[in-house]
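Contents: one structure, followed by commentary.
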Amino acid sequence: MSPRTVTDWVTEALADADIPGAAVSVVHGGEEVVSAGYGDATVEGEAVDPARTAFFAGSTAKLFTTAAVLRLVEAGALDLDRDVNDYLTSFHIHDTHSGRPVTLRHLLTHTGGFDPDYGLFGSADPDPARLPDLAESLAAWQPDRVNPPGEVIAYDNYGVALAGHIAAEAAGLDYPALVEREVFTPLGMSHTSAAQPAPPGLAATTATGHRPDGAGGQTVVPALAHPWAPTGPGQLTTATDMGRFMIDQLSDVPVLGDTATTGMTTGQFRTHPDAPGLTFMYEEGTTAGHRSLFKSGDVPGFHSAVTLFPEVELGVFVVVNGDGNGDFDIRGLAAAVASAIPAPDTGEAETVRDTDSGHLAGDYLSTRLPGDSVLRAQFLGSPPVSVVATGDGGLITSGITLSSRADATTQRWRPIGPDLFQEVDGTATIAFGPDGVLTGSLDQSQVYQRVGWWRSPALHLWLLLGAGLTGVVAALWFPVAALIARRRGERHPIGARLARLSATAAGVLVGLLLYGFASLTADPAAASEAMVTGAFSVKVLMVIATLVGAFAVAVAGFAVAAWCRRWWRPAGRAGLTIVAVALSITAAVLFEYEMTGPPFV
């Protein structure tokens, strides 16, 4: 693909996605063949310069942490298979799974077993001076170990932050100085930094994050600092610097050493032996017929991705400074560039006959779902992957798409090996590992674990909506019922009046909660920002959710009293009972998704 074609692809994609600017680097055969900026870097209209305009890399910077760790492994300062507690001095990882210690190998393949995203609520701040240091935050926000290490992939920010801290302590440096010494300086990445705040010279050339304002314009997204710098927040880089990094990753004589290059470009963990998995930090896959390695990063206002094609010495980096409308395909440019290189003809896998896939049927839930954090609420409504066996040994999946076709809602799969399936009319594959773990070929940062149908977040959302709307109807009906009773001259005891008042108040709170939740989640990028900053609006919703739980208990008690003491007519008692059940369901869902407190985390 020529530079002109890259320009056409990017400019069209930016316009379609309503994003102000982008920077791109394409390397091939050890050279940078495209280094270009597009659109605006700032609200003042400053043009993007690929060599000088710095963008927040987000989780793409996990690659720098990984390379630094592996450099210390090669130097003998760290051991990939040693218990991480042997390196920690100010705190230790809980020994949840006795005899199964967490190692750096686990941390660099997202298999440490930690509850994902615990501690992230309210952890970011625009002012780096208000942040705790890395060690302090890792000790304070240590997640539960929900899986034994080395068994299940679950994208793990805590694990990578921990790996960066361990490497920094082993080197006797803070984390920014570690990656500067081990990665940026050797590669000449002079416009890349992990320091928070950024060095003045780099800060002056940093792009501004944007988000559509809904009125045809853009609003500025404030830059956020975070103590877990090894996971990516706060790290800045340019397209030209990323070109240098990709060239070294693809080199036969890498500046960063063989351990870093080999470890990051060869498979390290797979759920199924014949399916793609993870290297140290990259996701394996197939793009335009070529084996590919992918890593992306997202922070409010910025999105980036690196895609490497080791066998053809090709690398593509793209970064944008806007959340856009959701139409920007962060993988699309790499696929378009790689399609210009003839792919090897691997043939089509044959269908395996006379096989039974019935044991694989069920619902599968993503391992990215947090277990003990209000960030879990962002997944409310997400469908599981529903797997149905067909009579010919194949499968049908629905819910979250695992297809190579983005618009596919239902996919058919044919068996091509033991618990391995090829998409019909597509290029994707799925596979099933031990203990009912499903993995797809398009996103290796998560897998899907089999769960009971009752654990579906989509079901929980419908329960919340149904029960919540019942509560809202109660808020409207009970005042009317009280007026009717008064006109009839009926007098009821204080308990009955308190019951009606409680049901009405609970209904009003549920209505406010549903409206607030819908408003918060209408823009996923804004919702994510609200969660990591611990926005006041989220805390208000959590307080309301907690009050709903309290009123659910009170109304349930009043419903029992209404029958025992024969308040009102039977229809009135039945109505209060229905409201009590609806409020109990609402409270149960809110509790399940960690929206109640205290604590509000």
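Going by what's in this entry, would Arg500 be described as part of a helix (DSSP H, G or I) and either open to solvent by 50 Å² or more (accessible area, probe 1.4 Å) or among the acidic types (Asp, Glu) (or both)?
Working: part of a helix (DSSP H, G or I): yes; either open to solvent by 50 Å² or more (accessible area, probe 1.4 Å) or among the acidic types (Asp, Glu) (or both): no.
Against the criterion (part of a helix (DSSP H, G or I) and either open to solvent by 50 Å² or more (accessible area, probe 1.4 Å) or among the acidic types (Asp, Glu) (or both)), Arg500 does not qualify.
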Exercise for the section: Scan region 175-200 for residues that are more than 15 Å from Gly234 (Cα to Cα) and surrounded by fewer than 17 Cβ atoms within 10 Å (Cβ to Cβ) and jot them down. Expected result: Arg181, Thr185, Gly188, Ser190
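Select from region 401-432 the residues that are buried (at least 20 other Cβ atoms within 10 Å of the Cβ) and in a loop (DSSP other than H, G, I, E, B) and list them in ascending order.
Pass one, region 401-432, residues buried (at least 20 other Cβ atoms within 10 Å of the Cβ): 402-403, 411, 413, 415, 421-423, 428-432.
Selection gives Leu402, Ser403, Ala428.
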Practice task
Filter the strands (runs of 3 or more DSSP E) completely within region 306-389 down to those with at least 3 residues that are open to solvent by 10 Å² or more (accessible area, probe 1.4 Å).
Solution key: 362-366, 385-389
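Determine whether Thr259 is in contact (Cβ under 8 Å) with a residue 24 or more places away in the chain and touching a strand residue (DSSP E or B) at 6+ places or on another chain (Cβ under 9 Å).
On the way: in contact (Cβ under 8 Å) with a residue 24 or more places away in the chain: yes; touching a strand residue (DSSP E or B) at 6+ places or on another chain (Cβ under 9 Å): no.
Against the criterion (in contact (Cβ under 8 Å) with a residue 24 or more places away in the chain and touching a strand residue (DSSP E or B) at 6+ places or on another chain (Cβ under 9 Å)), Thr259 does not qualify.
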Fill in the blank from the handout: Filter region 440-460 for residues that are touching a helix residue (DSSP H, G or I) at 6+ places or on another chain (Cβ under 8 Å) and among the hydrophobic types (A, V, I, L, M, F, W, C); the one that is surrounded by the fewest Cβ atoms within 10 Å (Cβ to Cβ) is Trp453
Exercise for the section: Scan region 28-49 and give yes if some residue there is out of contact with any helix residue (DSSP H, G or I) (no Cβ under 9 Å at 6 or more places or on another chain) and within 22 Å of Ala168 (Cβ to Cβ), otherwise no. Expected result: no
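Working carefully through the options Phe517, Phe558, find the one that is among the aromatic types (Phe, Trp, Tyr), part of a helix (DSSP H, G or I) and either within 30 Å of Ala124 (Cα to Cα) or touching an Asp or Glu at 6+ places or on another chain (Cβ under 8 Å) (or both).
Working: Phe558 fails: either within 30 Å of Ala124 (Cα to Cα) or touching an Asp or Glu at 6+ places or on another chain (Cβ under 8 Å) (or both).
Residue meeting the stated conditions: Phe517.
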Handout entry: Test result for Val102, in contact with a helix residue (DSSP H, G or I) (Cβ under 6 Å, 6 or more places away or on another chain) and farther than 24 Å from Thr271 by Cα
Key = no
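Can you give me the number of residues within region 62-108 that are part of a loop (DSSP other than H, G, I, E, B) and either without any contact (Cβ under 8 Å) to a residue 12 or more places away in the chain or β-branched (Val, Ile, Thr) (or both)? Spell out how you get there, then give the answer.
Applying the first criterion (part of a loop (DSSP other than H, G, I, E, B)) to region 62-108 yields 75-82, 87-102, 108.
Add one more test, that the residue is either without any contact (Cβ under 8 Å) to a residue 12 or more places away in the chain or β-branched (Val, Ile, Thr) (or both), and what stays is 75-76, 89, 92-93, 95-96, 98-99, 102.
Going through region 62-108 one residue at a time, the tally reaches 10.
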Exercise for the section: Output the residues belonging to region 2-58 that are at positive phi and part of a loop (DSSP other than H, G, I, E, B). Expected result: Asp18, Gly29, Gly30, Gly45
Handout entry: Odd one out for Gly113, checked against (1) at pLDDT below 95; (2) buried (at least 18 other Cβ atoms within 10 Å of the Cβ); (3) of a type in the set (Gly, Ala, Ser)
Key = (1)
Problem - region 116-145 - residue that is open to solvent by 30 Å² or more (accessible area, probe 1.4 Å) and in contact with a Gly (Cβ under 6 Å, 6 or more places away or on another chain) and, of those, farthest from Phe269 (Cα to Cα) - result: Gly122
Problem - Pro300 being assigned by the TED database to the domain that holds Gly58, more than 22 Å from Ala428 (Cβ to Cβ) and at pLDDT below 95 - result: yes
Exercise for the section: Go over the candidates Val69, Val73, Val48 one by one and state the one that is at pLDDT 95 or above, out of contact with any strand residue (DSSP E or B) (no Cβ under 7 Å at 6 or more places or on another chain) and closer than 24 Å to Val319 by Cβ. Expected result: Val69
Completion exercise
Taking region 461-479 and keeping residues closer than 19 Å to Ala580 by Cβ and either among the aliphatic types (A, V, I, L, M) or open to solvent by 60 Å² or more (accessible area, probe 1.4 Å) (or both) leaves Leu463, Leu464, Leu465, Ala467, Leu469, Val472, Val473, Ala474, Ala475, Leu476, Trp477
Exercise for the section: Could you figure out which of (1) farther than 23 Å from Asp117 by Cβ; (2) touching a helix residue (DSSP H, G or I) at 6+ places or on another chain (Cβ under 7 Å); (3) open to solvent by 40 Å² or more (accessible area, probe 1.4 Å) isn't true of Pro493? Expected result: (2)
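The values are calculated or read from the model by the stated rules, or taken from the named source; none is laboratory data. Not measured: the values here are computed from a predicted model. So basically every Cβ, Gly included, is an ideal-geometry build from the backbone, and we count neighbours across all protein chains shown. Quick note on the areas: whole protein, heavy atoms, side chains included, nothing else; ligands and nucleic acids left out. Shrake-Rupley method; radii C 1.70, N 1.55, O 1.52, S 1.80 Å.
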